[in-house]
Amino acid sequence: MDEETVLRKRLEELEKKYHQNLFNEVEQSKSSGGAVGKPEIIEEEAEEPKDIEPEEIIPKKEKPKKETKIKANNPKNIIKNLVNKIQVKKGNVKKTENFEDISEYSDAELPEIENKGYYEKASISATKDNRPSEDEIKKISEKIQKMKKEMSKVLVGQDEISDGLIRGLLCNSHVLVEGVPGIAKTLAIRALASVTGCEVKRIQFTVDMLPTDITGITNYTPEKGFEVVKGPIFANFVIADEINRAPPKTQSALMEAMQEKQVTIGKENFQLTLPFFVMATENPIENAGVYPLPEAQVDRFLFKLMMDYPKLEEEKQVLETNMTLRKFEEFDLKPVTSPKEIIKMQDIARRVYLDDNIKNYILAIVRKTRQRDFPNAEYLSYGCSPRASIGLFIASKARALMQGRNYVLPEDVKHVVFDVMRHRLILSYKASIQKISPDDIIKDILNLVKVE
């Protein structure tokens, strides 16, 4: 029996109780010679509410102006609440005087209900299908294609990197890009920042950088007194170039900003402007003057993208349009979106439909890294945390949106699983000796786990 049928049956029972109460009141009034009573009304005084009997009559001149409200446990009001709930389940958004999820309470335990201003939110969450419409999907797909077209003016090839950066932006998360020097990692990030119309700041990480160089400081001057000088972290897009060159203490200064979207300077907390997106680059081949990223910080990046060498034809094109011969401004990248539109796109991405079978598929993949019952499991020291499950959940939705769909397919999960999990798998020393990479482990898991 579905929930609407249960509610309707309960509504019928309460209506019978209500009419029975009215009938009893009529019989009592006839026997006592009085008038038929009405539902009890509470008259609110300035200090304490006081119940007024129906028989009391206050002269018009002496009657004070008082606010009235009907008790929540009044049968008539309960019936009204149930009708509202049934309308919400049907998807009808209506703002009424009283609304509350009362299905979990008994008739004697119903709480007092006042206007709470969340009727529309409750109705939206109660609808069975809140996925974005085809029109919304079409508009976003066209917007994304324009973004990629503008980025291609300066970024030759590297379509997977462009898709990964845009996907990370739709997920309202952060991206770490790894590749050898001179492969256009910073250029890709600058291109995305330019086409979004957001405020952009770049941080070049060095070995002598301090945390306050990123977040800001509290400064004192005799003329002005104490004042906060905000660091480069206060921007929509932050390019953290060669993040592994800074010591762990400086790298950890980003963690609060990346996770909580706020920065603490001295004793004050400052909220960052949304959307907030950190795009970091990492150099994998140098050993001198670089530091390993803390695992807690790496986990804050939703994606770790691996940037490879360009193809032959793409590299020929790079010879004509490279950053050595031309300035970045000469490419004239035009913004095709705005911060407000990006926030709207992120909201639509969250509403993409994901079936329970896909959820089970995601959970099976992540839990396989902890069970270690597959051939290469001996090379794993630690499996993925629930943050990997969350990452696959939202990333597959963003990928489906970029493909022009309002629902997720298993292929969406398979497409994003490497970017989400490769930096969350902690391998043992045996893996480095045998040259086993996280991607090899993920491939084994995908071959074993099937969609039900």
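Derivation of every value follows stated rules applied to the coordinates shown; laboratory data play no part. Small disclaimer: the values here were computed from a predicted structure and weren't measured. Positions of Cβ are generated from backbone atoms using ideal geometry, with glycine treated the same way; all protein chains shown enter the neighbour counts.
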Magnitude of the Cβ-charge dipole (Lys and Arg +1, Asp and Glu -1) of segment 168-236 about the Cα centre, nearest 20 debye, reported as 220 debye
With +1 at each Lys and Arg Cβ and -1 at each Asp and Glu Cβ, the charge dipole magnitude of segment 352-452 around its Cα centre, to the nearest 20 debye, comes out at 240 debye
Note to self: C-alpha centroids of segment 129-164 and segment 220-297 sit apart, in Å, by 28 Å
Given unit charges at Cβ for Lys, Arg (+) and Asp, Glu (-), the dipole magnitude of segment 160-296 about its Cα centre in debye, nearest 20, is 260 debye
Per the charge dipole of segment 129-284 (beta-carbon charges, Lys/Arg positive, Asp/Glu negative, Cα centre), the residue among L169, G216, M147 reaching farthest to the positive end is M147
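In the neighborhood of Y379, defined by Cβ-to-Cβ distances under 11 Å, what is the net charge if each Lys or Arg adds +1 and each Asp or Glu adds -1? Write down the numbers at each step before the final one.
Working: positive: R372, K430, K435; negative: E378, D440, D444.
It works out to a net charge of 0.
For each pair in K185/K443; K368/K430; K143/K359; K344/K397; K148/K230, compute the distance between the two Cα atoms and list the pairs where it is over 23 Å. Don't jump to the answer; show the numbers that get you there.
Details: K185/K443 26 Å; K368/K430 20 Å; K143/K359 28 Å; K344/K397 15 Å; K148/K230 32 Å.
From K185/K443; K368/K430; K143/K359; K344/K397; K148/K230, over 23 Å: K185/K443; K143/K359; K148/K230.
Between K146 and N219, what is 0.36 nm times their sequence separation minus the Cα-Cα distance? Round to one decimal in nm. Display every interim value, and only then the final one.
Numbers: separation 73, 0.36 × 73 = 26.28 nm, distance 4.36 nm.
In short, 21.9 nm is gained.
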Surrounding charge for M255, neighbours by C-beta under 10 angstrom, Lys/Arg +1, Asp/Glu -1, total -2
Distance in nm between D373 and E12 label points, each 7 Å along Cα→Cβ, equals 4.9 nm
